[in-house]
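The values are calculated or read from the model by the stated rules, or taken from the named source; none is laboratory data. What you are looking at is a predicted structure, and each value in this text was computed from that prediction instead of being measured. Neighbour counts are summed over all protein chains in view; Cβ atoms, including those assigned to glycine, are modelled from backbone coordinates with ideal geometry. For accessibility, only protein heavy atoms count, side chains too; no ligands or nucleic acids. Shrake-Rupley method; radii C 1.70, N 1.55, O 1.52, S 1.80 Å.
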Amino acid sequence: MAYKMDYEKIAAALQFPTEEIVDVVIDTDAYNEVDDQYAIAWALCSPERIHVEAVYAAPYCTHAIARLMTQPGQEPPRLTREMMGSGIHFAGTPAEGMELSYQEILRLFALMGVSPDGRVFRGSTAYIEDTPGRQPVESEAARDLVRRAMDRPEGKRLYVLSIGAITNVASALMMEPAIAGKITVVWLGGQPPYFKNGMEFNLVQDMVSSQHILNCGVPLVLIPCQGVASHLSVTAPELTALLMGRSKVGDYLGQSVLDALKPSSGGPLFMKGCTGGMDDVPVEVCKMYPTKTTAPSRIVWDIATVGYVMNPNWTTSSLTPSPILNDDMTWDHDNSRHPIRLCYYLNRNPIFGDLFEKLASAGK
């Protein structure tokens with residue numbers, strides 16, 4: 001059964017949610033980096049605006065990073081734990097990444113004194129693109145999303161904040177296409193459609209799922225990474241002054257970023273892949289101008305999705321035809337396609353201001 005698209009209804013579902021409290025579920029590869037935890041904690045600390053119904057553990061596999069480092073026609077390198085850095089946590093398979101993320105979600109709930117009972121669910125143990133016939137991957141998370149969506153009262157949408165590979169959400173939409181009329185997906189994924197390609201970790205892990213989200217007609221708010229979510233960087237002095245020493249979760253989150261900022265933990269894994277094909281400056285010229293020193297900061301990408309539903313003044317976005325994601329990760333465009341909402345800019349200062357204020361007082 002396919003979901004029958006109604007372009008006007010999709011556009012209406014993509015208007016900013018003006019109800020006082022927004023119901024959300026969070027789909028997260030929580031152990032992959034250090035940023036998912038900030039998004040989960042911020043959402044849980046914002047009951048005046050956000051009601052977190054459930055949190056789903058998304059799969060992730062570190063070897064997908066190799067796709068971001070590889071030119072077309074080349075064999076991707078096999079990454080090891082020793083090659084990882086900058087707060088990236090190794091997972092050899094999607095199932096391992098999902099389980100690590102599930103345990104990290106439980107750890108975060110415990111730090112915040114919040115019961116996970118009936119609210120935290122394991123997700124996919126494989127990517128759709130790796131299944132025979134490219135079928136949806138059954139999981140507690142996918143089934144829970146279908147149930148919650150189908151049980152929604154008329155006119156009360158469920159917002160799905162997706163901050164990882166979108167396998168769980170795509171599986172639920174394949175299992176029950178009708179939920180597309182009851183949910184709005186806010187996904188941090190890919191690069192802007194005005195880039196030459198969409199190469200980014202969340203998007204490339206499961207291309208079938210990524211393509212399905214863009215093609216199936218579910219109301220989608222797409223928050224690209226480079227040039228949009230990349231504005232959300234934080235520095236060690238800010239964390240020390242505004243977050244740490246105030247609450248248990250603040251100490252945990254702050255220290256995770258401080259550890260990722262240590263020079264010994266860094267590595268230039270993503271510098272070429274994430275903007276592949278965008279820069280026409282010859283490599284030989286770049287080598288003539290080595291970087292001698294930097295001012296360390298860390299991008300906390302995933303809070304972008306929470307920031308979007310919190311306040312319309314914190315993001316700049318508009319409706320645009322859904323881009324076409326090709327198998328080689330390049331973008332194509334067709335103005336006759338259904339609309340999505342594309343974010344172009346995130347206002348970093350009020351986003352971090354609200355996050356710091358709430359996390360610093362969490363548990364008090």
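Cβ separations smaller than 8 Å between residues 6+ apart or across chains give the following pairs from the stretch 337-358 residues that are closer than 13 Å to residue 38 by Cα and in contact (Cβ under 8 Å) with a residue 24 or more places away in the chain to residues that are of a type in the set (S, T, N, Q) and surrounded by fewer than 16 Cβ atoms within 10 Å (Cβ to Cβ): 354/311. Pairs linking a residue in the stretch 1-14 that is at pLDDT 95 or above to a residue that is open to solvent by less than 60 Å² (accessible area, probe 1.4 Å) and polar (S, T, N, Q), with Cβ atoms under 7 Å and 6 or more positions apart or on different chains, are 13/184; 14/184.
Looking only at the stretch 1-31, filter to residues that are within 17 Å of residue 100 (Cα to Cα) and touching a Ser or Thr at 6+ places or on another chain (Cβ under 7 Å); which one of those is most open to solvent (accessible area, probe 1.4 Å)? Result: 31.
Taking the stretch 92-125 as the range and being open to solvent by 30 Å² or more (accessible area, probe 1.4 Å) and in a loop (DSSP other than H, G, I, E, B) as the test, the residues that pass are 93, 112, 113, 114, 115, 116, 117, 118, 119, 122, 125. Just one residue in the set 228, 218, 208, 234 is over 27 Å from residue 8 (Cα atoms), buried (at least 17 other Cβ atoms within 10 Å of the Cβ) and in contact (Cβ under 8 Å) with a residue 24 or more places away in the chain; that residue is 234. The criterion of at least 3 residues that are over 25 Å from residue 278 (Cα atoms) and of a type in the set (A, V, I, L, M) is met by the following helices (runs of 4 or more DSSP H) wholly inside the stretch 150-246: 167-175, 236-242. Exactly one residue among 310, 288 is surrounded by fewer than 13 Cβ atoms within 10 Å (Cβ to Cβ), of a type in the set (A, V, I, L, M) and either within 20 Å of the chain's Cα centre (by Cα) or modelled with pLDDT under 95 (or both), and that residue is 288. One residue stands out in the stretch 96-120 among those that are within 13 Å of residue 53 (Cα to Cα) and either within 17 Å of the chain's Cα centre (by Cα) or of a type in the set (A, V, I, L, M) (or both): the one that is modelled with the lowest pLDDT, namely 114. Among the residues making up the stretch 313-331, those that are open to solvent by 30 Å² or more (accessible area, probe 1.4 Å) and over 19 Å from the mean Cα position of the chain (by Cα) are 313, 318, 319, 320, 321, 324, 326, 327, 328, 330. Listed by first and then second residue, the pairs linking a residue in the stretch 88-108 that is among the charged types (D, E, K, R) to a residue that is open to solvent by less than 60 Å² (accessible area, probe 1.4 Å), with Cβ atoms under 8 Å apart and 6 or more places separating them unless they lie on different chains, are 96/61; 99/57; 104/30; 104/36; 104/37. Consider the stretch 164-182. How many of its residues are without any contact (Cβ under 8 Å) to a residue 60 or more places away in the chain and buried (at least 23 other Cβ atoms within 10 Å of the Cβ)? So the answer is 3.
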